[in-house]
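Data first, discussion second: the structure below is written as structure tokens.
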Amino acid sequence: MTPDTTPNRPPIVIAVVDDDEAVRDALTVLLETAGHRIHTFASGPALFEALDQVEVDVVLLDMRMPEIGGLELLEPLGRAAPDAGVVMITGHGDVPMAVRALHRGAVDFVEKPFSDTRILSAVERAAELAAGRRARRTRRDEARAILARLTPRETEVMSMVSRGLASKQIAGLLELSPRTVEIHRQHVMAKTGAGSVAELVRMVVRAELADPAQG
């Protein structure tokens, strides 16, 4: 397997979590040869201890481990590394559990014994999902920071404008003069940099998006 030579592409940062040292070593050789950066852990708790220092794109997570199994780790992992794409590594008898893992947020599962191609394709898919989550989170946080510039009254007006209410309707609901509403509306557009109501609505939608890892 030759390293990925895509121009300017940073390596995918992968955490391999498996209590079997031979599996960790084999995956490390395969994934490093493909140009990725690997961190290995013998258990879930060992992974969690490192997550404050290491930001991972993909987690390859063994379904069955002595301390805590992969299925039980998914929920806390979603909180600790919300953008990461999780790929479950499972034995044939664990397939029903792996399907449950997909419903809990895993991206894919790979059955043992697995081929190099299967692992690499699962990693690529999980990394793409992680990049999408990160981008959505960035856009959401940027939109929230912009909207935080508004005063409470401007926020009220913005909310009503984004719901399609006209200035006269807003004036009646807030017991303000239409002229005052227009001034607030102008301030909203200026502070947010929105060039149109449609652009303002898109910003509000981005700001209200749920955590990317949760939907």
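For His36, His187, His103, the sequence from fewest to most other C-beta atoms within 10 Å is His103, His187, His36.
The charge dipole of segment 105-152, taken about its Cα centre with unit charges on the Cβ atoms of Lys, Arg (+1), Asp and Glu (-1) only, comes to about 400 debye. Between Val95 and Arg64, full extension at 0.36 nm per residue minus the direct alpha carbon distance yields a gain of 10.0 nm.
Simple point charges give the picture: +1 on the Cβ of Lys and Arg, -1 on the Cβ of Asp and Glu, and for segment 63-200 a dipole about the Cα centre of about 500 debye.
The phi torsions of segment 104-113, fed into the Karplus equation with coefficients 6.51, -1.76 and 1.60 and a -60° offset, translate into couplings of 9, x, 5, 7, 7, 9, 10, 7, 7, x Hz, rounded to whole numbers, with Gly and Pro shown as x. The label point for Glu208 and the one for Ala135, both projected 7 Å from the Cα toward the Cβ, are 2.4 nm apart. Of all the C-alpha pairs in segment 13-135, what % are more than 16 Å from each other? Everything past 16 Å amounts to 56 percent. Considering only Thr117, Gln53, Leu31, and ranking their Cα positions along the charge dipole of segment 13-135 that arises from unit charges at the beta-carbon of Lys, Arg, Asp and Glu, the one farthest toward the positive end is Thr117.
Here the Karplus curve 6.51 cos²θ - 1.76 cosθ + 1.60, taken at θ = phi - 60°, turns the phi angles of segment 36-47 into couplings of 9, 9, 10, 10, 10, 9, 8, 7, x, x, 5, 4 Hz, with x standing for Gly and Pro.
The Kirkwood hydrodynamic radius of segment 149-214, based on inverse pair distances between different Cα atoms, is 12.3 Å. Within the shell of other residues whose beta carbon sits under 14 angstrom from the beta carbon of Gly195, the net charge comes to +2, with Lys and Arg scored +1 and Asp and Glu -1. A simple spin-label model places the labels of Ala145 and Glu21 4.6 nm from each other, with each point 7 Å out along Cα-to-Cβ. Placing a pseudo-label 7 Å from each Cα along the Cα-to-Cβ vector at Arg153 and Glu32 gives an inter-label distance of 6.4 nm. Counting beta carbons within 10 Å around each of Met189, Met88, Met203, Met158 and listing the fewest first gives the order Met189, Met203, Met158, Met88.
Dipole magnitude for segment 1-149: computed about the Cα centre from +1 point charges on Lys and Arg Cβ and -1 point charges on Asp and Glu Cβ, it is near 940 debye. Hydrophobic long helices, here whole DSSP H runs in the chain with Kyte-Doolittle means of at least -1.0 and Cα atoms spread over 20 Å or more along the helix axis, are found at 116-147, 178-192.
No lab work stands behind these numbers, since they all come straight from the coordinates. Keep in mind the model is a prediction, meaning the values are calculated, not measured. Every residue, glycine among them, receives a Cβ derived from its backbone with ideal geometry; neighbour counts consider all protein chains shown.
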